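Notes to accompany the following structure.
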């Protein structure tokens, strides 16, 4: 499955509330931050909110800047991103501003909700049934494959943010903290209770905007088993970037690798032909930097831009075997090894037969191939 980059955007009070219980929406930030949000919208292919947010706030979800809309059109994109909502029941108000402003709209719902939504909305939006229950992974894959959405901005509400984070599907959280206290237990909060992903999120930016603070976070904890998490995409991107650092070779691939503990701690990274070793492989270079007795290896994930090798001429042990010897039982890769140097290479098969899980994220294959263009036609 291939998914868009999912960015969660929210503003909260100091005590974690999205709004109060008054009749008017509580404005948590000011003009400068609203303009920043407009810029993020303009950079997105689609904007998503839950049906509850449409009922509570009646948002238009537009790119307000004429200059930004013109720039989108000049790039060959529609003036407005696709507007998306999610509803299990299909209970939608056809008079809401959401349906009467901007460009194309899509509703993702259940089989039962689709009938009701179609009756209420007519041809105002594309209606996509996801089955007996809402399926976020199916929704994201549909956006990616059918609508070409590569960057999805999610603007709420709290239930939607909670579900995406709990399922490990959020690539980034942009959180604005406002200098207000709500203190009303009946008011909506940003996140609800439940089992969230493990590990700490990585703080990538803080920025003061008038009297609010923008904080940007990325998840770090790898997924479990065959189900990829957003952090898997983050780490695999880093592995592909490391591949671009390799000294070029006519007889070996350029590969990058990162080893990450279950809590999201980076244990080591490496790339092919690193340092003074002209034949070292990426996974080999990374694993050599970790104490073999490190107990975190058993639950760690190896990210490699290319499938770990099954056979090699330069060293007695191929990378698939080195990974197994280290005790690692989960590997995420972007690209299966072609027959350029080794015919019928199957490092994934060696790993799988030994009980390791191999996850392939093909959306990163082009990035993994880029430094190897002279070897692969």
Item to check | Centroid-to-centroid separation of the stretch 28-54 and the stretch 229-260 [C-alpha atoms, Å] | outcome: 33 Å
Item to check | the chain - percent relative contact order, Cα under 8 Å, separation 6 or more | outcome: 15 percent
Next on the checklist: Please compute the contact order of the stretch 5-218 in relative form: average sequence separation of alpha-carbon pairs under 8 Å and at least six residues apart, divided by the residue count, as a percent.
Outcome noted: 31 percent
Checklist entry - Arranged from highest to lowest average of other beta-carbon atoms within 10 Å per residue, in what order do the peptides 223-233, 24-34 appear? => result 223-233, 24-34
Checklist entry - Sorted from largest down, what three extents in whole angstroms do the Cα atoms of the stretch 1-140 have along their principal axes? => result 42, 42, 32
Checklist outcome for this item: As a percent rounded to 5, the proportion of antiparallel DSSP bridges among beta bridges in the chain is 40 percent
Next on the checklist: Just to be sure I understand, if you calculate Rg/Rh (Cα atoms, Kirkwood Rh) for this structure, which of [x] 1.02; [y] 1.09; [z] 0.99 do you get?
Outcome noted: [x]
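Of all DSSP beta bridges in the stretch 230-372, what percent run antiparallel (nearest 5)? The partial results should precede the final answer.
Numbers: 9 of 16 bridges.
Taking every DSSP beta bridge within the stretch 230-372, about 55 percent pair in antiparallel fashion.
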Checklist entry - Using alpha-carbon pairs under 8 Å, 6+ residues apart, how would you state the relative contact order of the stretch 287-377 in percent? => result 29 percent
Checklist entry - Roughly what angle does helix 136-146 make with the longest principal axis of the chain, taking Cα atoms, 0 to 90 degrees, to the nearest 10? => result 80 degrees
Next on the checklist: If packing is taken as the average number of other Cβ atoms within 10 Å across a peptide's residues, how do 187-197, 236-246 rank, most packed first?
Outcome noted: 236-246, 187-197
Next on the checklist: Taking just the alpha-carbon atoms of the stretch 100-247, what radius of gyration and Dmax come out, in angstrom?
Outcome noted: 18.5, 61
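Sort 162, 265 so the one with the fewest other Cβ atoms within 10 Å of its own Cβ comes first.
Details: 162 18, 265 14.
Least crowded to most crowded, the residues run 265, 162.
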Checklist entry - Roughly how many nanometres apart are two label points built 7 Å out from the Cα toward the Cβ at residue 141 and residue 70? => result 4.2 nm
Next on the checklist: Just to confirm the number: angle between the C-alpha axis of helix 31-42 and the first principal axis of the chain, 0 to 90 degrees, nearest 10?
Outcome noted: 60 degrees
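Compare the peptides 126-135, 213-222 by average per-residue count of other Cβ atoms within 10 angstrom and give them in order, highest first. Intermediate values should be presented prior to the final figure.
Working: 126-135: 15.2, 213-222: 19.9.
In descending order of packing, they fall as 213-222, 126-135.
Tell me what the chain gives for mean residue ellipticity at 222 nm when only DSSP H runs of n ≥ 4 count, each as -39,500 (n - 2.57), the sum divided by the residue total, rounded to 500 deg cm²/dmol. Display every interim value, and only then the final one.
Working: 11 runs with 98 residues, N = 377.
Helix contribution divided over all residues of the chain: -7500 deg cm²/dmol.
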Checklist outcome for this item: Dividing the alpha-carbon radius of gyration of the stretch 218-356 by 2.2 N^0.38 Å, where N counts its residues, gives 0.95
Next on the checklist: Using only Cα atoms and rounding to the nearest 10 degrees, what angle (0 to 90) does helix 230-243 make with the longest principal axis of the chain?
Outcome noted: 40 degrees
Item to check | Residues 251, 87 arranged by fewest to most Cβ contacts within 10 Å | outcome: 251, 87
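Of all DSSP beta bridges located in the stretch 5-218, what percent are antiparallel, nearest 5?
Details: 13 of 40 bridges.
Counting DSSP beta bridges with both partners in the stretch 5-218, the antiparallel share is about 30 percent.
Quick note: the coordinates plus some simple rules give every number you see, no bench work behind them. A quick note: this is a predicted structure, and the numbers were derived from the prediction, not measured. A quick note on method: Cβ atoms are made from the backbone with ideal geometry, for glycine too, and the neighbour counts reach across all protein chains shown.
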